[in-house]
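Report on the following structure.
None of the figures in this text is laboratory data; all of them are computed from the coordinates on show. Everything quoted here is computed from the prediction, not taken from an experiment. A quick note on method: Cβ atoms are made from the backbone with ideal geometry, for glycine too, and the neighbour counts reach across all protein chains shown.
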Amino acid sequence: MIIIFYLFSFLLLAFALGTVLSKNLVHSALLMIGSFFAVAGLYILLQAEFLAMVQILVYVGAIAVLVVFGVMLTRKGSVKDSNLPNRYKKVGALSAVIFFALLVRSIINTSFPAPSSPVVGANTIIQIAQTLLTQYAVAFEALGVLLLVAIIGAIIIGKETK
Amino acid sequence: MVIEQFGWLIPVFPLVAFLLIVGVTYRFKLLSAIVATFFAGLSLALSVLIMVQKVINPVTTEKFINWLSISTPTQTLLNIQLGYLMDPLAAVMSFIVTLVATLVLLYSIGYMKGDEGFSRYFAYISLFTFSMLGLVISNNYFQTFFFWELVGLCSYLLIGFWFFKPEAADASKKAFITNRWADFGFLVGIIGLFTVFGTFNFGQLATQIPQYQNALILLGLGLLVFLGPVGKSAQFPFHVWLPDAMEGPTPISALIHAATMVAAGIYLVARGYALFYSVENVMQVIAYVGGFTALFAATIALVQKDIKRILAFSTLSQLGYMMMALGVGSMTSGMFHLTTHAFFKALLFLGAGSIIHAVHNQDIFKMGGLAKKMPISSWTFVIGSLALCGIFPLAGFWSKDEILTVTLQHHFVGLFVLGTLVAFLTAFYMFRLIFIALFGQKRSDHHAHESPWTMTLPLIILAVFSIFAGLVNTPWFYQWTGFSFSTLVYFHEPEIPVIHWSIAGLSTVAALLGIFTAWMIYARRLISADMLATKMSFLHRVLSNKYYIDELYAWLFKYVMLGLGKVLDFVDHVVIDGLFDGTAGAIRATGVRLRLFQTGRLQQYALLIFVAVAILVLWGVR
Amino acid sequence: MIGLTHYLIVAAALFCIGAYGVVVKKNAIAVMMGLEFMLNAININLVAFNHFLHPNLVLGQVFAMFIVGIAAAEVALGLAIILSLYRQRHSIAVDEMDILKW
């Protein structure tokens with residue numbers, strides 16, 4: 001368990017770092033897909049199997065493909081220099097490191113309460129389904145509408161206007 | 001009694017006429033004239049009925065509604081009444097106004113024939129009559145002021161009736177602006193009256209003022225309110241607009257000079273007599289302003305060449321007479337002279353209009369020999385002049401005699417001498433006019449002819465009034481009927497008319513002397529007018545230029561007013577604007593620098609948010 | 001034993017990497033990738049809290065699902081905007097899009 005956690009964590013952070021540091025946008029996209037898989041692994045470790053599947057389906061299956069399409073459609077010049085940093089590279093890096101340090105400090109300094117009655121092996125899918133379709137039914141439907149609106153909006157924005 | 005309940009209808013009729021002309025009959029010229037004359041006639045009939053009622057039973061009828069009332073539980077902050085007050089004074093005044101207005105309207109049908117603005121003219125006159133009658137029956141200062149301004153507006157419209165003539169447009173503006181100056185003081189005075197006494201109502205003021213102790217405040221209020229009549233009745237130094245008002249159609253001059261505009265000032269002094277009477281100094285100011293104006297205008301009239309201007313200065317002079325009478329303490333004689341003067345001055349102006357209509361010229365030195373060509377106009381004109389000069393037994397004799405008597409009775413010896421001198425001057429300039437314009441040889445190539453009946457009929461009616469109107473204030477009339485003008489219109493105590501033969505004789509002699517001098521110079525030419533003019537060239541020049549008052553005002557305006565304006569302009573544009581522009585400039589400069597923070601670079605914003613959150617977290621987990 | 005703290009630190013690291021990507025990358029698509037990392041970091045947090053603090057409830061997962069759904073919508077719209085931009089200005093460099101100023 002410990003080894004698997006460190007493995008996935010290492011992979012996740014390595015892929016993510018590779019994504020933001022790479023100068024090649026195609027490489028970035030591929031590394032990002034890898035990092036999404038690693039996140040799915042972490043979800044499995046956290047016993048959120050259904051969410052892991054969703055992660056793979058939505059992120060890897062849909063979002064990653066969309067991003068790759070985007071890369072393809074907006075290509076210009078050499079791919080090797082398609083993903084350069086801007087003038088805030090150093091300031092951004094410094095801010096990110098400091099922010100990370102601050103977060104880590106506050107995470108370590110916080111004492112979280114003990115877990116309340118751990119239930120192992122329960123079927124989370126049924127629970128998720130029940131929660132989504134009863135307690136959060138309105139929000140769930142709203143999300144569905146939001147997605148529809150997003151699709152229509154994307155079509156309108158993206159279509160060729162002459 | 002019943003008829004008095006409808007007194008408020010007197011001003012309503014002309015208003016109806018005005019609305020009808022504007023709204024319905026504007027395109028039908030003759031119909032407009034008939035509507036205006038008919039409704040004015042209705043008002044006249046009603047006025048006559050009410051006046052008869054007042055003669056039989058001289059009581060005061062007052063009706064009003066509270067039009068606008070603002071009050072707290074403890075005091076009244078503002079109370080404006082809308083009402084009408086019908087006492088003998090108002091009855092006499094509305095009779096004069098409606099009579100003159102009706103005759104002027106009738107006369108105008110002939111005079112204005114073929115004018116482009118025929119309907120507009122009649123609409124204006126109806127509105128003018130409405131305003132004046134509204135003023136006459138007002139029961140409070142506020143309503144009076146309202147109609148006062150309406151009268152001013154109408155005079156502006158009518159003087160500038162031929163607005164395409166630059167002189168007419170200028171004259172109308174001059175009249176309006178001069179009156180605005182005076183009305184400002186009037187308004188301040190009215191507001192002051194309300195502040196002190198808490199009412200605009202004439203009757204309530206009349207009971208409260210005599211009990212009021214602070215003489216200084218009364219003096220100030222009296223002088224301020226008196227400014228209004230000074231402007232409207234064209235007393236010195238606000239007289240400048242009246243001669244220029246001659247640019248309007250001549251019947252308008254008749255209306256303004258006899259019944260409406262200038263009479264309003266005299267009427268207001270009589271109406272608010274309680275206020276003026278309470279302070280001796282105000283009365284003296286009124287008396288001396290009037291006396292000075294009388295002499296001042298009479299001297300100017302001596303050398304004028306324009307027939308209407310001579311009459312205009314004559315009006316100024318006579319208004320001065322009335323003011324003087326009111327000022328020395330006799331409301332009766334002032335109002336009586338206003339009444340008689342209304343008849344013969346309307347007659348003179350309408351006669352002059354008839355002459356101008358025939359000759360197409362206003363210069364008396366281009367007329368001459370008119371008496372044979374247009375006998376009715378000429379002889380009625382002579383009757384009017386005799387009445388004006390105060391020749392026995394015409395109307396002016398009685399009223400002028402009355403004024404001179406009260407002046408002496410109240411121990412204003414200086415003003416009495418002055419008044420007699422003015423009587424001499426009046427007779428002189430009127431008969432100078434008559435001898436030059438009506439008799440003698442034709443002085444230019446004119447083809448004068450008598451005017452149509454619509455013009456001569458009013459002349460005849462007015463001539464009759466000019467002859468007989470004065471008799472209503474004679475002892476014989478009083479003995480015969482049991483009343484007279486002075487038992488109707490009075491302040492505090494009715495007077496029984498008496499004749500002081502010595503004073504009457506003196507003024508008649510003065511007038512006859514004036515006529516004789518004029519005859520010597522202009523009819524028999526025993527004395528050369530030109531020689532007199534050259535001998536006293538300085539005096540002649542000063543008089544011809546009306547004492548340079550217009551020039552003085554122009555100079556004052558150019559250097560004092562505009563100079564003051566420049567100073568204020570400097571304060572406004574440099575000091576105040578500088579302050580605000582400076583503030584605005586500072587803010588703008590700050591903005592110019594501040595807006596550089598908005599770079600439009602999305603990622604800079606993101607970075608700033610990021611750093612800001614970092615700082616907040618740092619702050620929070622310290 | 002791996003506890004909540006470990007997951008949170010991993011998520012924090014991912015979040016900072018994502019933020020760095022958002023701030024520093026020129027390419028608009030790369031900026032969006034950074035955004036996705038930040039959203040994923042939050043999801044990990046939610047699921048981790050769910051797992052370690054209230055294992056018998058699934059609210060953390062449900063919220064994570066909502067975020068996934070919204071992320072999908074965001075990517076779809078974002079890419080549409082990027083494509084439109086590219087068509088208009090023939091560039092998707094974020095630091096060139098700076099006319100919205102002054």
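Does segment C:4-96 come out rounded, prolate or oblate, given a ≥ b ≥ c as the square roots of the eigenvalues of its C-alpha gyration tensor, rounded meaning a/c under 1.5 and, failing that, prolate meaning a/b above b/c?
It is oblate, given that a/c is not under 1.5 and a/b is not larger than b/c.
I need the chymotrypsin sites (Phe, Trp or Tyr not before Pro) found in segment B:136-206, filtered to DSSP loop residues with at most 11 other beta carbons within 10 Å of theirs.
Within segment B:136-206, the qualifying chymotrypsin sites (Phe, Trp or Tyr not before Pro) (loop, at most 11 other Cβ atoms within 10 Å) are B:PHE164.
Relative contact order, percent, of chain B when contacts are C-alpha pairs under 8 Å separated by at least 6 residues?
11 percent
Among B:445-455, C:34-44, how do they line up by average Cβ neighbours within 10 Å per residue, starting with the highest?
The packing order, highest mean first, is C:34-44, B:445-455.
Determine the distance separating the Cα centre of segment A:127-162 from the Cα centre of segment B:31-106; give it in Å without decimals.
Here the two parts' Cα centres lie 81 Å apart.
With a cap of 12 neighbouring Cβ atoms within 10 Å, and only residues DSSP puts in a loop, list the GluC sites (Glu not before Pro) found in segment B:93-188.
In loop regions of segment B:93-188 (DSSP not H, G, I, E or B), the sparsely surrounded GluC sites (Glu not before Pro) are B:GLU116.
Per residue of A:54-65, how many C-beta atoms from partner chains lie within 10 Å of its own C-beta, taken as a mean?
Across A:54-65, the average partner-chain Cβ count within 10 Å equals 4.
At 20 angstrom or more along the helix axis (alpha-carbon based) and mean Kyte-Doolittle of 1.6 or higher, what helices does chain A contain? Whole DSSP H runs only.
A:2-21, A:25-45, A:137-158
Please say if chain A is rounded, prolate or oblate, where rounded means a/c under 1.5 for a ≥ b ≥ c the square roots of the C-alpha gyration tensor eigenvalues, and otherwise the choice is prolate for a/b larger than b/c and oblate otherwise?
oblate
Which pairs in the list B:LYS345/B:LYS546; B:LYS308/B:LYS442; B:LYS174/B:LYS305; B:LYS373/B:LYS535 are over 29 Å apart, alpha-carbon to alpha-carbon?
B:LYS373/B:LYS535
Return the average number of partner chain Cβ atoms within 10 angstrom of each residue Cβ along peptide A:138-147.
3
Any idea how far the Cα center of segment C:1-37 sits from the one of segment B:231-253, in Å?
93 Å
Any idea what the relative contact order of chain C is, in percent, if you count C-alpha pairs under 8 Å spaced at least 6 apart?
About 26 percent, as a whole number.
Could you point to the residue in B:VAL611, B:VAL571, B:PHE557 farthest towards the positive end of segment B:553-620's charge dipole, with +1 and -1 charges on the Cβ of Lys/Arg and Asp/Glu respectively?
Of the listed residues, the answer is B:VAL611.
Please give the Cα centre distance for segment B:546-621 versus segment C:58-101, rounded to the nearest Å.
43 Å
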